[in-house]
Every structure is written in structure tokens, then in C-alpha cells.
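One structure is given below, encoded as C-alpha cells.
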Amino acid sequence: MSTDRFEAHDYYLMDELLTEEHKLIREAARAWVKKEVSPIIEDCFEKCDFPKHLLPGLGEIGAFGPYIPEEYGGAGLDQISYGLLMQELERCDSGLRSTASVQSSLVMYPIWKYGSEEQKKKFLPKLASGEWLGCFGLTEPDHGSNPGGMVTHFKDAGDHYVLNGAKMWISNSPISQVAVVWAKDESGRIHGLLVEQGMEGFTAPEMHGKHSLRASITGELIFDNVKVPKENLLPGRSGLGAPLSCLDSARYGIAWGAIGAAMDCYDSALRYAKERIQFDKPIASFQLIQKKLAEMVTEITKAQLLTHRLGILRDEGRATSAQISMAKRNNVEMAINIAREARQIHGAMGITSEYSIMRHMANLESVITYEGTHDIHLLITGMDVTGIPAFS
Ligand code: TGC
Ligand code: FAD
């Protein structure tokens, strides 16, 4: 078991941009993670075990639906607070942040934004407290980057809908009480349906064999003539823009989360470089090691500035999807590069579970793929600056 010796480094005095409330939220999350998660996370990763008992604690620190209004059980916080929470969770493990991202941005967000008042009252408070877990079904076996091509569909059968199809790579699906499922109606228009655990014909088998995000549970969603009550359709929005708008919120959280993973790798590398003696000197005294550390802190600082500004734009309702794509893409690549450099600084020790580096590195391979791959986000920026989509 590794010991959590994390210390945050604030090179550009970013804390001065935070309110007292922001700092309190961050410190509470940091303390909870250190006490409850750090001691068990390597073991969970090694055993591919999702630490389900942490769900109420995540609810208590406000990680489920931080920006959802308090009347629905959320914490009613701003976007910077949401980001800081995701940073602290991913500082420990991307899988932990994933659980919170999915619950907040991909399950609670669409119910809050597009759900009926009855749906909000039924689902949001239980999701906010962690009593219930939810998942988001967009990706299909043959439709990943191109969700608009989905084949999962439903038919109107009078007093209910009949849903058929399958989703794959769905975080939390095997243990979720509710799945937000995106499917086409008879005219081919995409809608969100709330499919509940126990509905006849609905199964969510776990997917095995992941070498990444092992402390997070991933599965399929299989619909075999599932009868979905009509009141379970999200009435507020249809079309591909509906699920993509949820991704905006989740991708924003990932941009902050990736900074957390990078901060952890940098902090570990800096400490190790000062403590490790070779050629009778700390390796931190060698120029090549200093180059790595200097570049790490530079890249983290740039990402912090980019992401803080994005948070302000989101709070003002001015952030564009393309700006979010830029931050997600930049920060995840930054974090994966830092994890690789930190691993080198740790020498052979870097591949062991004594340090979090290798786990972060493996996790970030999922993070750079989900919520839009690295190249899809590049194409989104390309489209934004040229006005020409190059997806197909
Ligand atoms: P396109 O024609 O560009 O757009 C279709 C409609 O959607 C609108 N739109 C958006 N609306 C809101 N937010 C966004 N970010 C939006 N992007 C596009 C667009 O304006 C249009 O509206 P309308 O009214 O004109 O119909 O769509 P396209 O089919 O060409 O695809 C564009 C593309 C490739 C960028 C998009 O499909 C995409 O982002 N693909 C990546 C798929 C993806 O990110 N999947 C993620 C699955 S969920 C997940 O990974 C969870 S991991 C969870 C975890 O564990 O943390
Ligand atoms: P593909 O779309 O097949 O892409 C393969 C490669 O082709 C990539 O490099 C991609 O960039 C490239 N490519 C594709 N299209 C283009 C193009 N037009 N131009 C250039 N290159 C292109 N999905 C959910 O719906 N819900 C979840 O909860 C969820 N959780 C996940 C958890 C994990 C651990 C993982 C790994 C994935 C999860 N996903 C989830 C799925 C994820 O969103 C998809 O894996 C992702 O969108 C990419 O789809 P794909 O894997 O099918 O890759």
C-alpha cells in the first residue's frame, strides 16, 4: 500500500482567484480522499474492485450534482467548485472522478435539464446522496465516436414504449439503479429514456479485462423488448444535441480532473527527485531531471489558467462546446505526458504500486479516449476555427 504524501503546489498563486467557499470545498474533498480512498485505492485497482461503500461519502462531500439546485438534493455550487471537486477526486484516481462525473453530468444533469418535475423529484435526491447510482448509455458496439449513427430504438406501444438495442462501455452500468439511455424513435429522432433496474428484458452485464480504470465498474446495457413507461421519457429535449450537451458538462469536469492526476504525479516526482541519491547527489540536482520537473510545473500551470478561465465562462453561461473540447484535450494530454515523465523520474520504483504514477498513467489511457477521443476533440477545434466539419 502506498502512503498518500500529496502536497499541492500553486506556482501562479491560483488560490488568490478562489473564494473562501471554494477553498473549504476543496480542502474537505482532499481530506476525505486522503482518509477514505487513498489507503484502499491501489488494492481496488489491483483487484478490479469498485469501492461501492464510498458512494454515500461522495454524496456528503457534494461530489454528486455539485451544481444541481439544493431543492433537488444537489449542493447548488458554481462551476469552479464542481471543477475543484473533480480535481481532488482524480488526484487520487480517475475512476473515482469518473463515478462522480457520470452521476453528476451524465445522469443528474439531463434529468435536471430535460426531465419532468416528477422525474426530478423521484431521481435527483437519491442520486445526490449516493443512495442510487446512475449510468449514461450513448456508445454502442458499432457507434463510438459517431453516436448519431446509433441503432438502439424504441416504438410506441400505446401506454408504453418498447426498447431494443445495446450499449457498450458504460461506466457504472452493472450496479446502477437507473440508466439514461439515448435511443431513436420511429422517425429516427434521438430521445433520452430512463431505464430502471429490474425492468423486464433489461440486463447490464459487467465488462472484464480492463488494464485501465480498474477501480471503476464498466458494463453493457442490453435491451430486449424492454417495456419503458411513457413517463420515463425525458420530455425537455430531443436530437443528438441533448446527449452532447451533457458531454459538455462532463468534459469540463474531466479537464479539471486531469489537472488533479497531473498534480499528483508532479508532486510525487518532485519529492522522489529530492530524496533519491545517485552519483552521491539527489537526482533533482541533475539538469535533465530539472528539465522534466520544470516542464511539468509549467504545463500544469498553463492548464490551471485555461481551466479556471473556462470555469468563469461557464458560470457566466458563455463557454462554448469547442472551448470545452480544447480544455479536455489539452489537459488530458498534459496529464498523460506528465505521468510518463514522472514514471521515468521514479526509475524502476515508478512501475510499482508503491507510487500512484503507473495507475494514473493506465487510467489516463481511458480518459484520453472517453467523452470524445483526443482526435475527435482536435477535429472539433478544427471545425470551430475553419467552419468546416472534417468528421466524415
Ligand atoms: P453534429 O451534426 O455536429 O451535431 C448534431 C447536433 O448536436 C449539436 N451539438 C451539440 N450540442 C450541444 N453540445 C455539444 N457539445 C454539441 N455538439 C454538437 C449540433 O449543433 C447539432 O444540433 P442540431 O440542432 O443542428 O441538430 O454531429 P455529428 O454527428 O457530426 O458529430 C459531431 C461529433 C463527432 C463532434 C460528436 O458526435 C461527438 O462529440 N462524438 C464523440 C462521442 C463522445 O464523446 N461520446 C462520449 C460517450 S459518453 C462517455 O464517454 C462517458 S465516459 C464517462 C466516465 O466514466 O467519465
Ligand atoms: P472509435 O470511435 O471506433 O474510434 C477509434 C479510433 O478512430 C480513435 O482513435 C478515434 O479518434 C478514431 N476516429 C474515429 N472517427 C474518426 C474521424 N472521423 N476522424 C479521425 N479519427 C477518427 N460511453 C458511454 O456512452 N457511456 C459511458 O459511461 C462510457 N464509459 C466509458 C468508460 C471507459 C473506461 C471507456 C474506455 C469508454 C467509455 N465510453 C462510454 C465509451 C467512449 O465514449 C468511447 O470509447 C469513445 O467515444 C470512442 O469510441 P470507440 O471506442 O468506439 O472508438
Name the residues in region 195-216 that are in a loop (DSSP other than H, G, I, E, B) and either among the small types (Gly, Ala, Ser) or free of Cβ contacts under 8 Å to residues at least 24 places away in the same chain (or both), would you? 197, 198, 201, 204, 209, 212, 215, 216
Selection over region 362-387 where residues are more than 14 Å from ligand 1 (Cβ to nearest atom) and either buried (at least 22 other Cβ atoms within 10 Å of the Cβ) or within 21 Å of residue 306 (Cα to Cα) (or both) yields a count of 1
Please state which of the following conditions residue 353 fails to meet, knowing it meets all the rest: (1) part of a helix (DSSP H, G or I); (2) more than 13 Å from ligand 2 (Cβ to nearest atom). (1)
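Among 129, 98, which is the only one that is in the same structural domain as residue 62 (by TED's automatic domain parsing), modelled with pLDDT of 95 or more and crowded, with 24+ Cβ neighbours inside 10 Å?
Numbers: 129 fails: crowded, with 24+ Cβ neighbours inside 10 Å.
Only one candidate passes the filter, namely 98.
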So residue 235 ticks every box in (1) part of a loop (DSSP other than H, G, I, E, B); (2) within 14 Å of ligand 2 (Cβ to nearest atom); (3) out of contact with any strand residue (DSSP E or B) (no Cβ under 7 Å at 6 or more places or on another chain) but one. Which box is left unticked? (2)
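On the basis of being surrounded by 15 or more Cβ atoms within 10 Å (Cβ to Cβ), small (Gly, Ala, Ser) and more than 17 Å from residue 97 (Cβ to Cβ), does residue 319 make the cut?
Working: surrounded by 15 or more Cβ atoms within 10 Å (Cβ to Cβ): yes; small (Gly, Ala, Ser): yes; more than 17 Å from residue 97 (Cβ to Cβ): yes.
In short, yes.
Looking at 106, 124, can you tell me which residue is within 22 Å of the chain's Cα centre (by Cα), more than 15 Å from ligand 1 (Cβ to nearest atom) and at pLDDT 95 or above? Give the derivation first.
Details: 106 fails: more than 15 Å from ligand 1 (Cβ to nearest atom).
One residue alone meets the criteria, 124.
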Leading residue by the ranking (farthest from residue 132 (Cα to Cα)) among those in region 166-210 that are surrounded by fewer than 16 Cβ atoms within 10 Å (Cβ to Cβ) and either touching a helix residue (DSSP H, G or I) at 6+ places or on another chain (Cβ under 6 Å) or small (Gly, Ala, Ser) (or both): 187
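The values are calculated or read from the model by the stated rules, or taken from the named source; none is laboratory data. Keep in mind the model is a prediction, meaning the values are calculated, not measured. Heads up, the Cβs are rebuilt from the backbone with ideal geometry, glycines too, and the neighbour counts pull from every protein chain shown.
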